[in-house]
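Just below is one structure, and these are the notes that go with it.
The values are calculated or read from the model by the stated rules, or taken from the named source; none is laboratory data. Since this is a predicted model, take the numbers as computed values, not measurements. Glycine also receives a Cβ, built like all others from the backbone with ideal geometry; neighbour counts cover every protein chain displayed.
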Amino acid sequence: MAAVAGESSSVIKVAALSGSLRKGSYNRGLIRSAIELSKGRVEGLQIEYVDISPLPLLNTDLEVNGTYPPEVEAFRQKILAADSILFASPEYNYSVASPLKNALDWASRAPNVWAAKPAAIVSAGGGFGGGRSQYHLRQIGVFLDLHFINKPEFFLNAFQPPAKFNNDGDLIDEDAKNRLKDVLLSLKEFTLRFQGKN
């Protein structure tokens, strides 16, 4: 794509996944906010929400002659086409939510389309704000050859006053938005360095 005067010569394509399937999920709200930020305060990122709800439960019987079900193949192609990944990872029972683990497993089937992708994790929830799920996701990422940014970390206690989200699950806290912006800037810089463009 040719560069336009005044614009960056390359746009980083980010696939954004939420481990929560609920429409009003705070973690999906983080992704919506990230998309909004990428259109204003963070230039050079094109963030696409990738819905993991259509994916069937992992069952290798569904792989026929090296092919995958259409929903799985479409998902794998979106991950393959992305320059980097943004995970919104809620914490379920001290770990990664099962829909996200299912998505991780499907895209890791040969060939592993996660390999060599820069990535970042954000999370919202109670207590530690999803911190333990992030720790487990990082462990999974080591085997999948994902490369996570280390700083800044983003955990958000969604239930501690003042309100962080509205009734639709949209992020309304300006401090949290600024912290999310810093994560996106770090992911952008890391991706450019990873690609040898910075």
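The set of residues in the stretch 61-76 being touching a residue at least 12 places away in the same chain (Cβ under 8 Å) and either not aliphatic (A, V, I, L, M) or not in a helix (DSSP H, G or I) (or both) consists of Glu63, Tyr68, Pro69, Glu71, Phe75, Arg76.
Sort through Arg28, Arg41, Arg32 and tell me the only one that's touching a Lys or Arg at 6+ places or on another chain (Cβ under 8 Å) and under 27 Å from Arg132 (Cβ atoms). Only one candidate passes the filter, namely Arg28. You will find that of Gly141, Gly196, Gly169, the residue that is assigned to a loop (DSSP other than H, G, I, E, B) and farther than 25 Å from Gly24 by Cβ is Gly196 and no other. Please determine whether any residue of the stretch 55-62 is in contact with a Leu (Cβ under 8 Å, 6 or more places away or on another chain) and either of a type outside the set (A, V, I, L, M) or crowded, with 21+ Cβ neighbours inside 10 Å (or both). Taking every residue of the stretch 55-62 in turn, at least one turns out to be in contact with a Leu (Cβ under 8 Å, 6 or more places away or on another chain) and either of a type outside the set (A, V, I, L, M) or crowded, with 21+ Cβ neighbours inside 10 Å (or both). If we keep just the residues of the stretch 83-96 that are in contact (Cβ under 8 Å) with a residue 24 or more places away in the chain and surrounded by fewer than 23 Cβ atoms within 10 Å (Cβ to Cβ), which is farthest from the chain's Cα centre (by Cα)? Checked the stretch 83-96; the qualifying residue farthest from the chain's Cα centre (by Cα) is Tyr94. Annotation: Val42 fulfils all but one of (1) modelled with pLDDT of 95 or more; (2) touching a helix residue (DSSP H, G or I) at 6+ places or on another chain (Cβ under 7 Å); (3) buried (at least 16 other Cβ atoms within 10 Å of the Cβ); the unmet one is (1).
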